[in-house]
Amino acid sequence: MTVLGSNELSAAALPATPAIRGGLLDRFWPGVSLAPSILLFLILTLLPIANLVVMSFHDITWQQGRATWTPVGLRHYAALANDPLFKAGIGNTAVFATVAVAVQMLLGFFLAVLTSRVFHGRVIYRTIFVLPILVPGIVIGAMWKLMYNFDFGIINQAIGLVGMMPRDFLGDRSLALASVIVVDIWHWTPFCFLLLLAGLESLPQDVFEAARIDGAGFWQELRHIILPLMLPTIAVTLLFRLIVAFKVFDEVFLLTGGGPGTSTEVVSFSIYRRFFTEDRMGYGSAMSVVTLFGLALLIIVAQGVARQMRRT
Amino acid sequence: MSDGRIDRRTALQMAGAVATTSLVLGTGARAQTPRQVPMTIVINQSPWFDGFRKIVELYEKETGNKVNLDVNPFAGSLEKQRNSVRAAQGLFDLLIMNGLFYAEMYHGGFLTPINDIDPSFKLDPAIPTFDDTVFFDPVTKTNSSKGKLMSVPINPNIPLLYYRADLYQQKGLKVPTTWDELLANAKALHNPPQMYGIVQRGARGPSDVTYDWFPYFNGFGGELFKDEKAGDFTVTINSPNGKAALEYYVRLAKEAGHPNTGGQAQAQVIQNVVTGKAAHAILVIAAWAQMDDPSKSAVVGKMNLALPPSAPGFKPAPTVGHWLGGIPKNVPKDRQQAALAFMNWFQTYKAQVEYTKAGAPPVRLDVMASDMAKEPANRWMKAMQEGLPLGRQMWTIPEGAQIVAITELRLNQAVTGEMTPAAALNACAKEIHEVIEKGGYKTGRLPDLT
């Protein structure tokens, strides 16, 4: 008896005409069927990026209701090195992404392990833990801005009860970035939690049972089973979060507007200012292209590291 | 009016002369407003927006014409306006433009001169021209009454000194006319955290600390450019007068201000005033509507208004932060006419009275000179009348969006102590000079302050 694979089966079910079997249609059909998607991808993704790159070599001004494009070569790219907002933005974004994502991963992992070991009311815990991610960004900004308010905020009222002086969470240069990071951790930890919990729940249970029969404790399970098996999930979650964290905008826009000074300026916000508020489309494009390049590089490096870790 | 400003006596004479005519014609003009196609107004969510919304509702009720309002935050409104006027066909028929960014609409050639839509349209003589910002001469690229009428004033926003009249009475204080007097009064009432002597708008935002500081800057005799009207754009922000103004601003914050002055945007300043935590604030007139509203204020009947102080030898200089209504080129003729019909109705005396009753400051001087000013609720009108003729533009060039981004950062850094006032002004001067030079203006800059 010959067992056919599904492809072979479907091929066998087709009329055995030479034009179809192994013919032109077979060879080109995958390309033809994918063409609309590829075209859509090119139009929606590559074309805007190409336009951005072209814009970055121009100054765009408006006269008589018409745009005038003046070529400037690499001038915009050269000016980036001396832009105080861009430099501050790069530094703050790196700190923001590193600290926020690290804490979110640890907290998310801890909550996921905890929830996976709870047998009663697991759905309730899961629902509670994911609530922050369901709140729209604009509401989060308004809510935390009120909570952080120096004069009327609940946090200062609470610390006042224990005799502490009110703190200026969003207006003090030494506290502002940390305060924004706290909000981001609150907002995005559920994302890490959800992905890591899904990963945990899909781990093969027989491995755990065997380990327990052999007398392994929780820490041994964690070190020798959970972490190695969870590595692909952890890597993907980390990558997703890093990408989103590097693009942070709404929390900064709503809470601090990049201030005080440049203490919470982040790259996306600097691009927004230069591109939209100041209407410097050429210069803003150069900022976007450099940021895009940096992010792409980060993704490639992160994927390489993850691949290497999986191998070892 | 020869220098483009409004002479107070002339304004009041004009107001008196046109008041009666307007009273007679006002209702008639409304009744004659023909049916128009539906139109859309793009506007920002400012403290005076509620009054504007009510007047639009009244317009719809009286004329049967349909008006859609597209309401946005300050920066969002500008972005939507830019996108609309740059498209092949615009979405918005009437742009409500701030004094900061109307210039880019004029210079970019995005608006239709109003008389191209209706050659018979005239700006009502009771409405000031706000330093001639309603006009634009495309040849000289200046705001000159010799140019074309491009817009109609929608809101006469200027900042005035809000002070706690009840506390002044208790302490026997005199309304300040100089900066030194303001500092002394603010210190006398400063009792943090229950009461701040003054709350300043020192945050870095779309236009927070810049707009707040400019009455101090001009009131100390400072000028951004050497002679903007004559085309000399030499940057003079880092003059000794500028330094004195910024040092005073920072000192006021430190000695009698909010501990978080660098984080106070307009909303927080208003919040502190209406909750009774601020003895003074230099705030836009548009915020007044909340002061006597018992549902929003704990200081009903306790606030009063005066002109912002000035240094000896200089005039008070409230910064014009007005709003203008302009009609884009890229919308169909019938929608342009609908927008103009609304503005024609809006500038009538009766519409402006209703606008005032709805809580927005009127743009007509004769409304401010009317019996309404005698009502206790309208006690702001006197200061407003005095302040409007003294109103100063921050700048009139389309590079305003770039200039304000620079000043917002540097002034905020001075307020938060990240930079000294001199260093902040030197940085402003250097960066503004780069923008102006790139724009092709005749420019230069002063030597750095030490």
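Note down all Cβ pairs under 8 Å where the first residue falls in the stretch A:245-257 and is in contact (Cβ under 8 Å) with a residue 12 or more places away in the chain, the second is open to solvent by 60 Å² or more (accessible area, probe 1.4 Å) and among the aliphatic types (A, V, I, L, M), and they're at least six residues apart or on different chains.
That search, which allows pairs on different chains as well, returns A:D250/A:I138; A:L254/A:I138.
Step by step: first the residues of the stretch A:94-108, then only those that are farther than 19 Å from A:L222 by Cβ and without any contact (Cβ under 8 Å) to a residue 24 or more places away in the chain, then the one that is surrounded by the fewest Cβ atoms within 10 Å (Cβ to Cβ). Which residue is that?
The extreme case among them is A:T98.
Working carefully through the options B:D132, B:D180, B:D137, B:D124, find the one that is free of Cβ contacts under 8 Å to residues at least 40 places away in the same chain and closer than 30 Å to B:H107 by Cβ.
On the way: B:D132 fails: free of Cβ contacts under 8 Å to residues at least 40 places away in the same chain; B:D180 fails: closer than 30 Å to B:H107 by Cβ; B:D124 fails: free of Cβ contacts under 8 Å to residues at least 40 places away in the same chain.
Step by step, each of B:D132, B:D180, B:D137, B:D124 is checked, and only B:D137 is free of Cβ contacts under 8 Å to residues at least 40 places away in the same chain and closer than 30 Å to B:H107 by Cβ.
What are the residues in the stretch B:68-89 that are more than 10 Å from chain A (Cβ to nearest Cβ) and crowded, with 21+ Cβ neighbours inside 10 Å, if any?
Across the stretch B:68-89, the qualifying residues are B:S77, B:Q81, B:S84.
So if I check each of A:A245, A:A286, which one is more than 12 Å from every other protein chain (Cβ to nearest Cβ), within 13 Å of the chain's Cα centre (by Cα) and at pLDDT 90 or above? Break it down stepwise before answering.
On the way: A:A286 fails: within 13 Å of the chain's Cα centre (by Cα).
Within the list A:A245, A:A286, the selection yields A:A245.
Being over 22 Å from A:N149 (Cβ atoms) and outside any loop (DSSP other than H, G, I, E, B), is that true of even one residue in the stretch B:192-208?
Within the stretch B:192-208, not a single residue is over 22 Å from A:N149 (Cβ atoms) and outside any loop (DSSP other than H, G, I, E, B).
Return the only residue of B:T275, B:T234 being outside the structural domain of B:K141 (by TED's automatic domain parsing), farther than 30 Å from B:P361 by Cβ, of a type in the set (S, T, N, Q) and out of contact with any helix residue (DSSP H, G or I) (no Cβ under 8 Å at 6 or more places or on another chain).
Details: B:T275 fails: farther than 30 Å from B:P361 by Cβ.
Answer to the check: B:T234.
Checking the conditions here, which among B:A373, B:A351, B:A360 is part of a helix (DSSP H, G or I), open to solvent by less than 10 Å² (accessible area, probe 1.4 Å) and touching a residue at least 12 places away in the same chain (Cβ under 8 Å)? Show your work before the answer.
Working: B:A373 fails: open to solvent by less than 10 Å² (accessible area, probe 1.4 Å); B:A360 fails: part of a helix (DSSP H, G or I).
On inspection, the qualifying residue turns out to be B:A351.
Looking only at residues that are among the charged types (D, E, K, R) and in contact (Cβ under 8 Å) with a residue 12 or more places away in the chain in the stretch A:259-279, which one is farthest from A:V72 (Cα to Cα)?
If we take residues in the stretch A:259-279 being among the charged types (D, E, K, R) and in contact (Cβ under 8 Å) with a residue 12 or more places away in the chain, then A:E265 is farthest from A:V72 (Cα to Cα).
Exactly one of these conditions fails for B:H433: (1) in contact with a strand residue (DSSP E or B) (Cβ under 7 Å, 6 or more places away or on another chain); (2) within 23 Å of A:G258 (Cα to Cα). Give me its number.
Failed condition: (2).
Filter the stretch A:76-89 down to residues that are within 13 Å of chain B (Cβ to nearest Cβ) and either under 14 Å from A:S288 (Cα atoms) or surrounded by 15 or more Cβ atoms within 10 Å (Cβ to Cβ) (or both), then give me how many there are.
The qualifying residues number 9.
Please go through the stretch B:378-415 and pick out each residue that is in a loop (DSSP other than H, G, I, E, B) and open to solvent by less than 10 Å² (accessible area, probe 1.4 Å).
Narrowing the stretch B:378-415 to residues in a loop (DSSP other than H, G, I, E, B): B:379, B:391, B:393-399.
B:G391, B:W395, B:I397 - these are the residues of the stretch B:378-415 that are in a loop (DSSP other than H, G, I, E, B) and open to solvent by less than 10 Å² (accessible area, probe 1.4 Å).
Could you list, in sequence order, the residues of the stretch A:49-61 that are closer than 22 Å to B:A405 by Cα and open to solvent by 50 Å² or more (accessible area, probe 1.4 Å)?
Let us first name the residues in the stretch A:49-61 that are closer than 22 Å to B:A405 by Cα, namely A:55-56, A:58-61.
Passing the criteria: only A:T61.
Can you tell me which residue within the stretch B:107-122, out of those that are open to solvent by less than 30 Å² (accessible area, probe 1.4 Å) and under 21 Å from B:Q337 (Cβ atoms), is nearest to the other protein chains (Cβ to nearest Cβ)? It would help to see each step written out before you state the result.
Let us first name the residues in the stretch B:107-122 that are open to solvent by less than 30 Å² (accessible area, probe 1.4 Å), namely B:107-114, B:117, B:121.
Checking which are under 21 Å from B:Q337 (Cβ atoms) leaves us with B:109-114, B:117, B:121.
Numbers: B:G109: 4, B:F110: 5, B:L111: 9, B:T112: 10, B:P113: 13, B:I114: 17, B:I117: 16, B:F121: 21 Å.
Ranking the qualifying residues of the stretch B:107-122, first place goes to B:G109.
Confirm whether A:D184 is of a type in the set (D, E, K, R) and away from chain B (no Cβ under 11 Å). Even if it seems obvious, please write down each step before you answer.
Numbers: of a type in the set (D, E, K, R): yes; away from chain B (no Cβ under 11 Å): yes.
Judged against the criteria, A:D184 is a match.
Restricting to the stretch B:273-300, what's the tally of residues that are away from chain A (no Cβ under 14 Å), in a loop (DSSP other than H, G, I, E, B) and surrounded by fewer than 23 Cβ atoms within 10 Å (Cβ to Cβ)?
The qualifying residues number 8.
Mind telling me which of the residues A:G153, A:G171, A:G141 ends up being within 30 Å of A:V266 (Cα to Cα), modelled with pLDDT under 90 and within 14 Å of chain B (Cβ to nearest Cβ)?
Working: A:G153 fails: modelled with pLDDT under 90; A:G141 fails: modelled with pLDDT under 90.
Result: A:G171 is the single residue among A:G153, A:G171, A:G141 that is within 30 Å of A:V266 (Cα to Cα), modelled with pLDDT under 90 and within 14 Å of chain B (Cβ to nearest Cβ).
Run B:H258 past the list (1) over 26 Å from B:P192 (Cα atoms); (2) within 14 Å of chain A (Cβ to nearest Cβ) and report the number of the one that doesn't hold.
(1)
Please go through the stretch A:126-169 and give me each residue that is outside any loop (DSSP other than H, G, I, E, B), open to solvent by 50 Å² or more (accessible area, probe 1.4 Å) and not hydrophobic (A, V, I, L, M, F, W, C), ordered by number.
Once the filter is applied, which keeps residues that are outside any loop (DSSP other than H, G, I, E, B), open to solvent by 50 Å² or more (accessible area, probe 1.4 Å) and not hydrophobic (A, V, I, L, M, F, W, C), the stretch A:126-169 yields A:R126, A:T127, A:K145, A:Q157.
From the list B:P215, B:P159, which residue is crowded, with 24+ Cβ neighbours inside 10 Å, touching a residue at least 24 places away in the same chain (Cβ under 8 Å) and under 30 Å from B:T348 (Cβ atoms)? Quick ask: steps written out before the conclusion?
Numbers: B:P215 fails: under 30 Å from B:T348 (Cβ atoms).
Answer to the check: B:P159.
The values are calculated or read from the model by the stated rules, or taken from the named source; none is laboratory data. Bear in mind the structure is a predicted one, so any value in this text is a computation, not a measurement. Positions of Cβ are generated from backbone atoms using ideal geometry, with glycine treated the same way; all protein chains shown enter the neighbour counts. Protein only, heavy atoms only, side chains kept; ligands, DNA and RNA dropped before computing areas. Shrake-Rupley method; radii C 1.70, N 1.55, O 1.52, S 1.80 Å.
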